[in-house]
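I have placed the structure first, in the form of structure tokens, so that the comments after it can refer back to it.
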Amino acid sequence: MSETIPESWAPVLDPVLATPEARRLGGWLRAEEEAGKAIFPPRGIRLKALELTPLDSVRVVILGQDPYHGPGQAHGLCFSVPDGVPPPPSLKNVFKEMQSDLGLPAPDHGSLESWARQGVLLLNNTLTVQQGMAGSHAGKGWDAITDACVAAVAERSEPSVFILWGSHAQGKAARIPALRDGGPHLLIKSPHPSPLSAHRGFFGSKPFSRANAFLEQNGRGTIDWQL
């Protein structure tokens, strides 16, 4: 792996990255790049979610599937795009729900970095993708790495909120000891914000206010969701 592991996550990820599976992933990514394939996000920012949100600061986890596959969109945070890049449809729907839930105005940009800096871990399940090919790097080895990140947050005693949009993200729910099972964490599940599914229950799910209510009740403050 060519990425630098942020210090707070190193005890979690070093054992995983020492496995043959992780080495195969690193070798496969290098081969894909050497073959001239465009991989997003570029090297150096693939672990940006972990860089901006140290393990001991995590209060909310939002799980995505894989990075955006258009040029200039992916920058290491799920659902987020860099300043100056128009928000994709799923992110627009996230903002619509935020407006409905909290009464906040839609931002004029699509960067969610301010959330990450407040303890919102914006983690995709798969951390790379080939240009124009959604899901192209699924099953290549990222799952073990992101599973370890989710498990590390879930194993902490501090109550956290896991926001799981869509069946893919909800597949990680078994790793999270939730309130209904006697665990400390809140799971918020709904359909994905994609235009294909948002009207099936994503709209009206109120994830932002529910997350803040839970955090406040447990003495962990609140997230300022306004962007």
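The values are calculated or read from the model by the stated rules, or taken from the named source; none is laboratory data. Here the structure is a predicted model, which is why all the values come from computation and not from measurement. Cβ sites come from the backbone with ideal geometry, for glycine too, and all protein chains shown count toward neighbours. Protein only, heavy atoms only, side chains kept; ligands, DNA and RNA dropped before computing areas. Shrake-Rupley method; radii C 1.70, N 1.55, O 1.52, S 1.80 Å.
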Legend entry - Of all accessible heavy-atom area on segment 62-144, the percent that carbon and sulfur account for (1.4 Å): 51
Inset, instruction - For the chain, set up a Gaussian network in which alpha carbons nearer than 10 Å are linked by springs, and say which option among F162, F95, F79 fluctuates the most. - result: F95
Legend entry - Geometric extent, Cα atoms of segment 29-153 - Rg, Dmax (angstrom): 14.6, 48
Inset, instruction - Kindly report, to the nearest 10 Å², the accessible surface of K206 as traced by a 1.4 Å probe over protein heavy atoms only. - result: 90
Inset, instruction - Taking all protein chains together and a probe of 1.4 Å, list M133, M98 from the most accessible to the least accessible. - result: M133, M98
Inset, instruction - Name the lysines eligible as straight-distance cross-link partners of K37: C-alpha to C-alpha under 27 Å, and not fewer than 8 places from it in the same chain. - result: K48, K140
Inset, instruction - Bin width 5 Å, alpha-carbon pairs only: give the P(r) of segment 134-227 as whole percents, running from 0 to the bin holding the largest distance. - result: 3, 12, 19, 22, 20, 15, 7, 2, 0
Inset, instruction - Report, in debye and to the nearest 20, how large the dipole of segment 11-77 comes out about its Cα centre when Lys and Arg carry +1 and Asp and Glu carry -1 on their Cβ. - result: 60
Inset, instruction - If a/c stays under 1.5 just call it rounded; otherwise compare a/b with b/c (prolate if a/b is bigger, oblate if not). Do that for segment 116-165, with a ≥ b ≥ c from the square roots of the Cα gyration tensor eigenvalues. - result: prolate
Inset, instruction - Once you have a ≥ b ≥ c as the square roots of the Cα gyration tensor eigenvalues for segment 19-66, tell me rounded if a/c is under 1.5, and otherwise prolate or oblate according to whether a/b is larger than b/c. - result: prolate
Inset, instruction - Kindly provide the helix-only [θ] at 222 nm of the chain, computed as the sum of -39,500 (n - 2.57) over DSSP H runs of four or more divided by all residues, to the nearest 500 deg cm²/dmol? - result: -9500 deg cm²/dmol
Inset, instruction - Could you please tell me the mean projected area of the C-alpha convex hull for the chain, averaged over all directions and given in square nanometres to one decimal? - result: 11.7
Inset, instruction - Please report, in debye to the nearest 20, how large the charge dipole of the chain is about its Cα centre when each Lys and Arg carries +1 at its beta carbon and each Asp and Glu carries -1 there. - result: 500
Legend entry - Reach of K92 by Cα under 18 Å, taken over aspartates and glutamates that are not fewer than 8 positions away in the same chain: D66, D83, D101, D108, E113
Legend entry - Span-like helix ranges in the chain, DSSP H, alpha carbon extent 24 angstrom or more, Kyte mean at least 1.0: none
Inset, instruction - Assign one of three labels to segment 1-99, namely rounded, prolate or oblate, based on the Cα gyration tensor with a ≥ b ≥ c the square roots of its eigenvalues; rounded applies when a/c is under 1.5, prolate when it is not and a/b is larger than b/c, and oblate otherwise. - result: oblate
